[in-house]
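Structure record follows, encoded as structure tokens.
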Amino acid sequence: MSAGPAVDPRGPRFAAIVTTVVLAVVLVTGWWPLLAAQTVVFAIGAFIGLKPAPYSLLYRYLVAPRLGKTTEREDAAPLRFAQAVGFVFALVGTIGYAAGVTPLGIVATAFALFAAFLNAAFNFCLGCEMYLLIRRFVPATGQAS
Amino acid sequence: MVGVWVVLGVLVAGGIAGGLLNARNGRIRAAKPAGRQLPAPVAEALDPDAAVTLVQISTTFCAPCRHTKAILEPLAARTDGLEHVELDVTNQPEVAQALGVLRTPTTLAFSPDGTELLRISGVPKGPAVMEALQEHLSGATTGPTS
């Protein structure tokens, strides 16, 4: 299955900034429905595509028109894989908070925040570069997307 | 209140990790100790006519691998005795494991007999790569041409 067309690299960076803010708010407030919503956002990006992902839509209609055009393009496959990694952590976090196992919720959300912040601040895609490490521990994820 | 401290802790840890990762990006490291059998896909990728073959380990999910290729491919094209090969190990992670590679991109420089000369983590810097490879290239070539 193709991961979809290459995208403007500023879109994923914008999405990482929004994700960082959302996850920080979740940790500060402990309001898990917001984390559940973020889990759905990750799921759309990972399993349906980047184009219909909510933060991509926000970028396309609100941010991109204010920025100049760019010819730079970034492959979609790494970005979708990163969304899938984010989905797993956000899902575990949501289950933790919702089931009353708050420490689990906090730890899983903190890991997701760490990765999103690295992406937003340093343009470093932790999930993408660590694919081989992840694959070593979780062989089944090898065929993802 | 715990959440506020966790957020602050993660942001500080992320800032330090990001700074370290930036500093280490493109770092040239010594070759890992030999003694293991070179995985077949790597052995097949080596160019017997090139003094040095750069084997770039990539995966489908690696965004900086594309940038790495964009730096190394032209570098090899304009340098006598230097070859660049990209090896996608998405579906053969055992190759990366055999080489002791945990993150992509990692680029390994090999001599024609399969001896590892050095390895580079992250996106390499062209001039630094040339400097590190100079002694291995100079014996067989006249060095970079333009």
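Remarks
- When the stretch A:16-33 is filtered for residues that are closer than 22 Å to A:Gly127 by Cβ, within 11 Å of chain B (Cβ to nearest Cβ) and of a type in the set (Gly, Ala, Ser), only A:Ala24 remains.
- Some residue of the stretch B:8-24 being part of a loop (DSSP other than H, G, I, E, B) and touching a residue at least 12 places away in the same chain (Cβ under 8 Å): no
Residue by residue, here is whether (1) under 19 Å from A:Asp75 (Cα atoms); (2) open to solvent by 20 Å² or more (accessible area, probe 1.4 Å) holds:
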| residue | (1), (2) |
| --- | --- |
| B:Pro48 | no, yes |
| B:Leu54 | no, no |
| B:Cys62 | yes, no |
| B:Ala70 | yes, yes |
| B:Arg78 | no, yes |
| B:Val85 | no, yes |
| B:Gln92 | no, yes |
| B:Thr107 | no, no |
| B:Phe110 | no, no |
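- Put simply, of A:Phe47, A:Phe114 the only residue that is facing chain B (nearest Cβ under 9 Å) and either part of a helix (DSSP H, G or I) or within 28 Å of B:Gly15 (Cβ to Cβ) (or both) is A:Phe114.
- Residue selection: A:Phe89 satisfies the criterion of being within 13 Å of another protein chain (Cβ to nearest Cβ) and surrounded by 15 or more Cβ atoms within 10 Å (Cβ to Cβ).
- Residue in the stretch A:53-67 that is within 12 Å of chain B (Cβ to nearest Cβ), under 15 Å from the mean Cα position of the chain (by Cα) and part of a helix (DSSP H, G or I) present: no
- Among the conditions (1) surrounded by fewer than 19 Cβ atoms within 10 Å (Cβ to Cβ); (2) modelled with pLDDT of 95 or more; (3) under 14 Å from the mean Cα position of the chain (by Cα), the only one that B:Lys125 does not satisfy is (2).
- Any hit, the stretch B:62-79, residues being within 14 Å of another protein chain (Cβ to nearest Cβ), of a type in the set (Val, Ile, Thr) and part of a helix (DSSP H, G or I): yes
- Residues that are hydrophobic (A, V, I, L, M, F, W, C), in a loop (DSSP other than H, G, I, E, B) and touching a residue at least 24 places away in the same chain (Cβ under 8 Å) within the stretch B:90-130 comprise B:Val101, B:Val123, listed in sequence order.
- All told, B:Pro93 meets the bar of being facing chain A (nearest Cβ under 10 Å) and not polar (S, T, N, Q).
- Of the residues making up the stretch B:76-93, those that are within 17 Å of B:Lys125 (Cα to Cα) and either modelled with pLDDT under 95 or out of contact with any helix residue (DSSP H, G or I) (no Cβ under 6 Å at 6 or more places or on another chain) (or both) number 4.
- None of A:Ala77, A:Ala16 is under 25 Å from B:Ala70 (Cβ atoms) and modelled with pLDDT of 95 or more except A:Ala16.
- Matching residues in the stretch B:32-59 - criterion: being in contact with a Ser or Thr (Cβ under 8 Å, 6 or more places away or on another chain) and at pLDDT below 90: B:Ala34
The values are calculated or read from the model by the stated rules, or taken from the named source; none is laboratory data. None of these values were measured; they are calculated from a predicted model. So basically every Cβ, Gly included, is an ideal-geometry build from the backbone, and we count neighbours across all protein chains shown. All accessible areas refer to the heavy atoms of the entire protein, side chains included, with ligands and DNA or RNA removed. Shrake-Rupley method; radii C 1.70, N 1.55, O 1.52, S 1.80 Å.
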